[in-house]
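Quick notes on the structure that follows.
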Amino acid sequence: MRATRAVIHLDYLRDNIALVREKTGAAICVPVKADAYGHGALRTAQAALKYGAAYLAVATVAEGEELRDGGISAPILLLSVPLPEEIPRLINAALEPLAGDAAYIDALAGAAGKARKKASVHLKVDTGMGRIGCRPGEAGELAARITGSGLLLAGTATHFAAADSTAEDDRVFTAGQIQSFRTALHGIRARGVDPGIVHAANTGAVLFHKSGWFDMVRPGILLYGYAPLDGGKKALPVKPLMELESRLVFVKTVKKGESVSYGRIWTAPEDTVIGTIPAGYADGLPRPASGKWDVYVDCQSPSLRPLAGRICMDQCMVDLGPRPAASRWDRVVIFGGPAPDAEVLASRIGTIPYEICCNINKRVPRVYVE
């Protein structure tokens with residue numbers, strides 16, 4: 001196995017799921033799209049179901065097929081709209097798509113009829129996200145179209161655009177989305193149709209909008225250990241699952257004034273020792289973290305030490321200091337565990353922890369701890 005690896009703490013997933021269940025009392029859908037936010041879709045899905053998840057969610061048909069091929073039989077939501085030629089595959093894999101227009105509903109019904117299968121569909125209502133879904137006033141008609149075409153209306157959903165914001169206008173906007181969604185549900189029931197499992201709450205709504213919990217919640221990044229805004233972890237003390245670690249594979253002394261790495265943006269301020277870590281931007285360590293990040297060197301006297309010079313495609317360098325306690329083959333934690341987590345790294349470079357975790361490349365082995 002490579003020196004660089006992502007250690008995934010599935011026991012923390014168990015704890016995070018338990019916290020969400022205790023807080024909301026609702027069923028939980030665990031999104032495992034984008035390879036479970038970089039954590040490994042199949043193993044994460046298996047653990048999530050073991051720890052009480054009712055649903056999984058993916059973004060593509062291929063992601064759903066991967067789970068089915070891995071033996072997952074639980075309900076799987078398909079969150080994004082596929083191409084027409086993918087529809088027979090989603091029917092064959094028994095994925096439950098979010099549908100928000102008549103043409104897609106009719107295409108699903110046609111494919112299900114041709115396959116002689118009873119397909120489940122969730123009606124998606126656009127209450128202000130502006131992405132996919134029907135208008136609230138169209139929900140009743142489309143729900144009736146779903147049930148009338150031989151499909152099963154398994155659920156009704158919406159998605160919040162600003163539930164993770166504490167700004168007053170955003171809180172008002174989210175409250176308006178919830179009210180619009182309730183209007184849509186009323187319209188569905190007025191047509192004599194059961195809306196199925198009602199679900200809306202993403203991470204922000206789980207934390208801050210109790211009225212948006214309904215029957216099932218869909219927290220994403222929260223289950224992987226991060227809250228999308230300050231104060232989130234105080235509301236729910238989740239633990240990050242991922243710890244990116246590596247080893248020092250080369251150690252050398254550089255003289256004061258000598259440069260390290262591409263572009264010569266870093267020169268040694270004194271005689272010092274440089275360690276090389278076999279992890280770079282091709283592994284998902286963001287290049288903009290060059291000169292802005294410290295890694296945890298696990299040795300006899302463990303400490304945080306700054307990266308030296310630009311992060312390369314496959315390697316990066318760390319300044320171990322003039323008299324280091326570290327030596328070749330010592331463990332280095334890049335983020336997570338004893339090092340600052342992906343949220344801190346994201347804040348240093350102006351992005352979000354979702355992107356940091358999702359970008360850890362598949363060439364980085366995942367090691368699961370449970």
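Where a number appears in this text, it was derived from the coordinates with a stated rule and is not lab data. Since this is a predicted model, take the numbers as computed values, not measurements. Here Cβ is always computed from backbone atoms with ideal geometry, including for glycine, and neighbour counts include all displayed protein chains.
Run the reach check for Lys239 against lysines, Cα to Cα strictly under 27 Å, same-chain hits fewer than 8 apart removed. What comes back? Reachable lysines: Lys23, Lys33, Lys50, Lys210, Lys292, Lys362. Our note on the geometry: Cα centres of region 45-67 and region 322-339, 35 Å apart. Calculated [222 nm] ellipticity per residue, helices only, for the chain: -9000 deg cm²/dmol; basis is -39500 (n - 2.57) per DSSP H run with n ≥ 4, divided by all residues, nearest 500. The simple spin-label model puts a point 7 Å past each Cα toward its Cβ; for Arg89 and Ile349 those points are separated by 3.0 nm. Between the beta carbons of Asn359 and Lys23, assuming R0 = 41 Å, the FRET efficiency works out to 0.90 to the nearest 0.05.
Among residues other than Glu243 with Cβ under 10 Å from its Cβ, the summed charge is -1 (Lys and Arg +1, Asp and Glu -1). Where [x] 20.8; [y] 22.3; [z] 26.3 are the candidate values, the label of the one calculated here for Kirkwood radius over Cα pairs in Å is [y].
Neighbour counts of C-beta atoms inside 10 Å place Ser165, Ser246 in the sequence Ser165, Ser246, starting with the fewest. Only helices reaching 18 angstrom along their own axis (Cα) with mean Kyte-Doolittle hydropathy no lower than 0.0 count here, and for the DSSP H runs of the chain these are 102-115. Antiparallel as a % of all DSSP beta bridges within the chain, to the nearest 5? The antiparallel proportion sits near 50 percent. Could you give the distance between the Cα centres of region 189-222 and region 79-154, to the whole Å? Using only Cα atoms, the two centres lie 18 Å from each other.
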